[in-house]
Amino acid sequence: MIIGITGNFGVGKTTVANMFRRLGAEVIDADQIAHSIIMPYSLTYRRIVSHFGRGILSGIYISRRKLAKVAFSDKKKLKRLNEIIHPEILKVIKNRMKRVSKREILVIDAALLIECGLLPWVDKLVVVDLKPKIQFRRLSKREMRRDDAKERIGFQYPQVKKMRYADFIIDNSGTRRHTEKQVKNIWNEIVKQVVI
């Protein structure tokens with residue numbers, strides 16, 4: 001059973017994925033994969049630096065903050081970055097999926113799950129939702145300016161459209177306990193459907 005977890009920037013997807021992990025799911029984190037494939041001197045690293053220039057580097061490492069600032073300033077630049085990164089992330093995810101047994105529950109935590117074409121790969125889609133006011137407040141705690149957050153969210157597939165594809169919607173606007181309760185309810189429903 002493969003569960004996709006998605007939702008726009010800053011809604012708490014990884015928090016929800018970790019709750020599923022604690023219940024026994026195997027989790028693939030697309031953001032962690034993105035970190036690993038841009039390590040110094042990898043093919044993806046070289047292609048990104050070649051395209052966006054050495055100004056995105058901090059020492060020998062790609063600064064995700066600098067890269068985001070450049071990429072999110074222009075739709076064409078963001079499209080090019082996605083063309084470089086997404087196929088590599090998908091390769092890693094596909095390889096990881098092959099190693100999961102039929103009795104396991106696999107969670108794919110990916111902000112761009114729908115945009116990347118991963119939707120046909122998942123059995124159930126969970127969309128994490130959050131009231132915008134709370135979303136911006138939480139992002140400000142990460143030292144992100146409201147305008148930057150709005151710009152980044154604006155480049156993503158609209159949250160309301162993502163919710164149309166959802167088998168389950170988790171409202172992450174309340175307490176952690178409230179979110180955990182929703183996760184457990186979904187987990188219990190999914191566990192019944194797993195092939196034993």
>> Kindly evaluate Glu180 against the criterion of being among the charged types (D, E, K, R) and assigned to a helix (DSSP H, G or I).
In response: yes
> So, of the residues in the range 160-175 that are out of contact with any strand residue (DSSP E or B) (no Cβ under 9 Å at 6 or more places or on another chain) and outside any helix (DSSP H, G or I), which turns out to be surrounded by the most Cβ atoms within 10 Å (Cβ to Cβ)?
Replying inline: Gly174
>> Being at pLDDT 95 or above, among the aliphatic types (A, V, I, L, M) and surrounded by 14 or more Cβ atoms within 10 Å (Cβ to Cβ): is that true of Ile93 here?
In response: no
>> Against the conditions (1) closer than 21 Å to Met19 by Cβ; (2) of a type in the set (A, V, I, L, M); (3) surrounded by 17 or more Cβ atoms within 10 Å (Cβ to Cβ), where does Val100 fall short? Just the number, please.
In response: (3)
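So, in the range 1-32, exactly how many residues are part of a strand (DSSP E or B) and of a type in the set (Val, Ile, Thr)? If you could, list the steps in order and put the result at the bottom.
First, pick out the residues of the range 1-32 that are part of a strand (DSSP E or B): 2-6, 26-29.
Filter again for of a type in the set (Val, Ile, Thr), leaving 2-3, 5-6, 27-28.
Result for the range 1-32: 6.
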>> Name the residue that is surrounded by the most Cβ atoms within 10 Å (Cβ to Cβ), counting only residues in the range 121-159 that are of a type outside the set (Phe, Trp, Tyr), within 16 Å of the chain's Cα centre (by Cα) and assigned to a helix (DSSP H, G or I).
In response: Gln135
> Could you say whether any residue in the range 58-68 is buried (at least 17 other Cβ atoms within 10 Å of the Cβ), closer than 16 Å to Ile28 by Cα and touching a helix residue (DSSP H, G or I) at 6+ places or on another chain (Cβ under 9 Å)?
Replying inline: no
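Conditions tested, residue by residue: (1) over 13 Å from Val11 (Cβ atoms); (2) modelled with pLDDT of 95 or more.
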{"site": "Asp109", "(1), (2)": "no, yes"}
{"site": "Phe136", "(1), (2)": "no, no"}
{"site": "Gln156", "(1), (2)": "no, no"}
{"site": "Gln193", "(1), (2)": "yes, no"}
> Can you name the residue in the range 44-63 that is without any contact (Cβ under 8 Å) to a residue 12 or more places away in the chain and part of a helix (DSSP H, G or I) and, of all such residues, is nearest to Arg142 (Cα to Cα)?
Replying inline: Arg54
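Quick check: is even one residue across the range 118-133 more than 25 Å from Gly4 (Cβ to Cβ) and at pLDDT below 95?
Here is the first cut: in the range 118-133, the residues more than 25 Å from Gly4 (Cβ to Cβ) are 133.
Then drop every residue that is not at pLDDT below 95, which leaves 133.
Yes, because at least one residue in the range 118-133 is more than 25 Å from Gly4 (Cβ to Cβ) and at pLDDT below 95.
The values are calculated or read from the model by the stated rules, or taken from the named source; none is laboratory data. These numbers were taken from a predicted model, which means no experiment stands behind them. Here the Cβ is made from the backbone with ideal geometry for all residues, glycine too, and neighbour counts use every protein chain on show.
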